[in-house]
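The values are calculated or read from the model by the stated rules, or taken from the named source; none is laboratory data. Quantities reported herein were computed from a predicted structural model and do not represent experimental measurements. Cβ placement follows ideal geometry from the backbone for every residue including glycine, while neighbour counts extend to all protein chains displayed. The protein model used for the area step is the full one, side chains on, heavy atoms only, and it has no ligands, DNA or RNA in it. Shrake-Rupley method; radii C 1.70, N 1.55, O 1.52, S 1.80 Å.
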Amino acid sequence: MGVTIALAGNPNSGKTTLFNALTGSNQFVGNWPGVTVEKKEGKLKGNKEVTITDLPGIYSLSPYTLEEVVARNYLLQERPDAILNIVDGTNLERNLYLSTQLLELGIPVVMAVNMMDIVRKSGDEIRIEKLAEHLGCEVVTISALKGEGVMEAANRAKKLAESKQKQKHVHGFAPEVEAVLETIERQLLGVPQEQQRFFAVKLFERDSKITETMEQVPEVEDLIAKLEAAMDDDAESIITNERYEYITDVIEKSLVKKQAKGKLTT
Ligand code: BGO
């Protein structure tokens, strides 16, 4: 039976290079429905039953750009069997911001840390087992430009897609934020459990495109407003700040900078 893998990542993370390496000339180009954003799909080399959908390069799953809306509508409505999340290993902090959101969709994620040729040259070390542990997903390293590790990345995503597993989110927000998110999750009748985190966060943030389709319960709005007052910040910034705190912590545990290595040995 065929499976679909969505390729997701920031602009300039090497997504096009990876897509070309995985699909070769086996590509079909069209437009995303209703918009002039280019849509590329292809068959994985040697695996006709695996379709790879190249999502637009994005930094976030927010509703602010056409590319973000196209990408997240696809992920929410079409629900690919797995996400292959390509991240630029030389710029982990910025790239993991999108990853933390992809991991809340309930779709299994394989993270491919790209540009490893540059990372290696720099002398930095990325501990992928730590990244995997703290993000709660499979992680592989690749160099899309050199073709290193790319087929293994796709095969890991294929296996995960075929397993029909649901992605679990391992990151928890601060307890007071969690309390509100969990209240929202309890109101999400009819939303499959693995998708509840994504929708709860979006409703908490008052994401315009999500609140258009899902009504916010007045008591919940009250809870959000109270928390905003207590934390002296708006709901969207509360979530963004917490994501970056989490990312800083994950990077601290998984990235060993060359200077730090020097310090340890001298
Ligand atoms: C240029 N290693 C290295 N070193 N570079 C890589 C790797 C890798 O593993 N993967 C990709 N790149 P896209 P998006 C370029 O085009 O696939 C490079 O936006 C240049 N171009 O070759 O386009 C890749 O689809 C002139 O670099 O990314 C490309 O995600 C000088 O990363 C860039 C230097 O890759 C972005 C680089 C005229």
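For VAL177, state whether it is open to solvent by less than 10 Å² (accessible area, probe 1.4 Å), more than 16 Å from the ligand (Cβ to nearest atom), at pLDDT 95 or above and part of a helix (DSSP H, G or I). Break it down into steps so the answer makes sense when it comes.
On the way: open to solvent by less than 10 Å² (accessible area, probe 1.4 Å): yes; more than 16 Å from the ligand (Cβ to nearest atom): yes; at pLDDT 95 or above: yes; part of a helix (DSSP H, G or I): yes.
Judged against the criteria, VAL177 is a match.
Name the residue, out of ALA260, ALA235, that is among the aliphatic types (A, V, I, L, M) and either open to solvent by 20 Å² or more (accessible area, probe 1.4 Å) or touching a His at 6+ places or on another chain (Cβ under 6 Å) (or both). Walk me through how you get there before you give the answer.
Numbers: ALA235 fails: either open to solvent by 20 Å² or more (accessible area, probe 1.4 Å) or touching a His at 6+ places or on another chain (Cβ under 6 Å) (or both).
One residue alone meets the criteria, ALA260.
Go through (1) surrounded by fewer than 18 Cβ atoms within 10 Å (Cβ to Cβ); (2) without any contact (Cβ under 8 Å) to a residue 40 or more places away in the chain; (3) assigned to a helix (DSSP H, G or I) for ILE184 and report which single condition fails.
(1)
Out of the residues in the stretch 1-47 that are charged (D, E, K, R) and touching a residue at least 40 places away in the same chain (Cβ under 8 Å), which is most open to solvent (accessible area, probe 1.4 Å)? Show your work before the answer.
Here is the first cut: in the stretch 1-47, the residues charged (D, E, K, R) are 15, 38-41, 43, 45.
Subsequent filtering for residues that are touching a residue at least 40 places away in the same chain (Cβ under 8 Å) retains 15, 45.
On the way: LYS15: 19, LYS45: 99 Å².
Among those that are charged (D, E, K, R) and touching a residue at least 40 places away in the same chain (Cβ under 8 Å), it is LYS45.
Quick one: count up the residues across the stretch 72-91 that are aliphatic (A, V, I, L, M) and open to solvent by 10 Å² or more (accessible area, probe 1.4 Å). Explain how you work it out, then say what you get.
Filtering the stretch 72-91 for residues aliphatic (A, V, I, L, M) gives 75-76, 82-84, 86-87.
Filter once more, keeping what is open to solvent by 10 Å² or more (accessible area, probe 1.4 Å): 76.
Residues in the stretch 72-91 being aliphatic (A, V, I, L, M) and open to solvent by 10 Å² or more (accessible area, probe 1.4 Å): 1 in total.
Among the helices (runs of 4 or more DSSP H) contained in the stretch 105-173, which hold 2 or more residues that are at pLDDT 95 or above and within 16 Å of the ligand (Cβ to nearest atom)?
Values: elements: 116-122, 128-135, 150-163.
By residue number, 116-122, 150-163.
Failed condition for GLN216, given (1) open to solvent by less than 70 Å² (accessible area, probe 1.4 Å); (2) of a type outside the set (Gly, Ala, Ser); (3) farther than 26 Å from ARG72 by Cβ, with all others met?
(3)
Among the residues of the stretch 85-96, is there at least one that is farther than 18 Å from VAL256 by Cβ, at pLDDT 95 or above and in a strand (DSSP E or B)?
Yes, that holds for at least one residue.
Being of a type in the set (Asp, Glu), out of contact with any helix residue (DSSP H, G or I) (no Cβ under 8 Å at 6 or more places or on another chain) and modelled with pLDDT of 95 or more is the requirement here; does ASP81 meet it? Quick ask: steps written out before the conclusion?
Values: of a type in the set (Asp, Glu): yes; out of contact with any helix residue (DSSP H, G or I) (no Cβ under 8 Å at 6 or more places or on another chain): no; modelled with pLDDT of 95 or more: yes.
It is false that ASP81 is of a type in the set (Asp, Glu), out of contact with any helix residue (DSSP H, G or I) (no Cβ under 8 Å at 6 or more places or on another chain) and modelled with pLDDT of 95 or more.
List the number of the failed condition for TYR97; all other conditions in (1) within 16 Å of the ligand (Cβ to nearest atom); (2) over 24 Å from LYS202 (Cα atoms); (3) open to solvent by 10 Å² or more (accessible area, probe 1.4 Å) hold.
(2)
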